Amino acid sequence: MIRNGTVVDVETYCKDRKRPTDKENLRYILEVGNECPMCGKIITDFSADKHKLYEVAHIYPNSPTEKEMSVLSDVEVLGENSESFENKIALCRDCHKEYDEHKTIEKYNSMLNLKKKLLQNSKAQTALSHNVVEKELLDVVQQISSLSTNSDSISEMEPLSYTVMSVKAKIPSNNLLRTDVEGLVSNYFLYLKDLFKSLDEISFETIAASFKHSYCQALKEQLNQEEIFESLIDWVKSKTRCSRTVARILVSYFIQNCDVYGKISR
C-alpha cells in the first residue's frame, strides 16, 4: 500500500476499530452534505424516530480479509491509519453494505477518489471562510434580495442586449454552466452595474478583490470551474446570509466583469 508516496504495510496501517464521537459523526455528516455520496439518500432525518440513517464506512478496511489484502495490495491509502478521518466516509446503510460485501479495486479507487474530492472541497471552503467582505457588499445583497418582493423593480430592469462574450471565453467547455451564468448575466448585469456605480471606487475594488481572492483560493485547491462556481456561491451565502439565488447572481456578475475564471495578473 502507498501513503503519501511511501510504502506502508497492512499491520502498520490497520488499527482496532474506534467508535466515532458525536463531534466526529457531525463532521462526517457535514462533509457529505447530509446525503449519501453514492446514491443521494438523506442520511440524517430528525423528523423520524430513528433519525440516523447512515454508517461510517472504512474506505480501506480496518480488518481486511485475505482476499481483500490481495485485491488491495498496491492501492493508495489516506490518513495515518485505518481509523483516521481521511479513511472513513458516511454512507447510507445499503451503500455501505454493497461496498463492504462486493469490494473490487475499481470500487475502492472510486471511493478513494470520492473521499479525496470531499477533502479537497472542505479545504477550499475553509480557505474561503477566512476571506472577509465589506459592508458595502452586504448593502448590495439586501438590494438584490428586495427584488423578490418588488415587482416594479423587476419590470424596470433592462436586460443585456449583446452577446455575453466574456462568459463564453471564460467557460468554453462546460455548456450547462456557461448557459446558466449567461442567463444570470443577461438578466441582472446592468442592474448590478448601476448598484455598484453608487459605491465609491475604492469600495468596489475592495469587493472585487475579495471575489478575486476567493477565486484564487478555490483555484489553488485545483477545483474545476463548476466546483469553483459552487464554492463561491457558498462563500457569498456564508458571509452575507443571502439566498442561494442572490449569491448566484452576484457570482455570475463577477465572472463577467472581473478576473473570476479569467487570467490572473501577477
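Every read-out reported here was derived from the displayed coordinates using simple, explicitly stated rules and does not represent laboratory data. Since we're looking at a predicted model, the values are computed, not measured. FYI the Cβ positions are ideal-geometry reconstructions off the backbone, even for glycines, and counts take in every protein chain you see.
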Projected onto the charge dipole of the stretch 18-112 (unit charges on the beta-carbon of Lys, Arg, Asp and Glu, signs +1, +1, -1, -1), the Cα from His51, Cys92, Met38 with the largest positive-side position is that of His51
Let's see if you can work this out: charge +1 on each Lys and Arg Cβ, -1 on each Asp and Glu Cβ, no other charges. What is the dipole magnitude of the stretch 135-257 about its Cα centre, in debye to the nearest 20?
280
If the chain between Glu226 and Asp74 were fully extended at 0.36 nm per residue, the gain over the current Cα-Cα distance would be 51.5 nm
Once the chain is represented by equal point scatterers at the alpha-carbon sites, with solvent omitted, what log10 I(q)/I(0) does the Debye formula produce at q = 0.07, 0.09, 0.10, 0.11 Å⁻¹?
-0.35, -0.55, -0.65, -0.75
For the chain, what is the charge dipole size about the Cα centre, in debye to the nearest 20, if Lys and Arg each add +1 at the Cβ and Asp and Glu each add -1 at the Cβ?
160
Arg17 versus Arg93: modelled label distance in nm, points set 7 Å from Cα along the beta carbon direction:
1.5
May I ask which residue of Gln256, Phe196, Ile2 lies farthest towards the positive end of the charge dipole of the chain, with charges of +1 (Lys, Arg) and -1 (Asp, Glu) on Cβ and the Cα centre as origin?
Ile2
Assigned charges on the beta-carbon of Lys, Arg, Asp, Glu; the stretch 2-122 dipole about Cα centre (debye):
300
Simple spin-label estimate for Lys50/Leu190, 7 Å along Cα→Cβ, in nm, reads 5.9
Positive end of the charge dipole of the chain (Lys, Arg +1 and Asp, Glu -1 on Cβ, about the Cα centre): tell me which of Phe229, Gln143, Ser243 has its Cα farthest that way.
Phe229
Among the listed pairs Lys107/Lys168; Lys88/Lys237; Lys67/Lys123; Lys18/Lys220; Lys50/Lys97, which are separated by more than 26 Å between their Cα atoms?
Lys107/Lys168; Lys88/Lys237; Lys67/Lys123; Lys18/Lys220
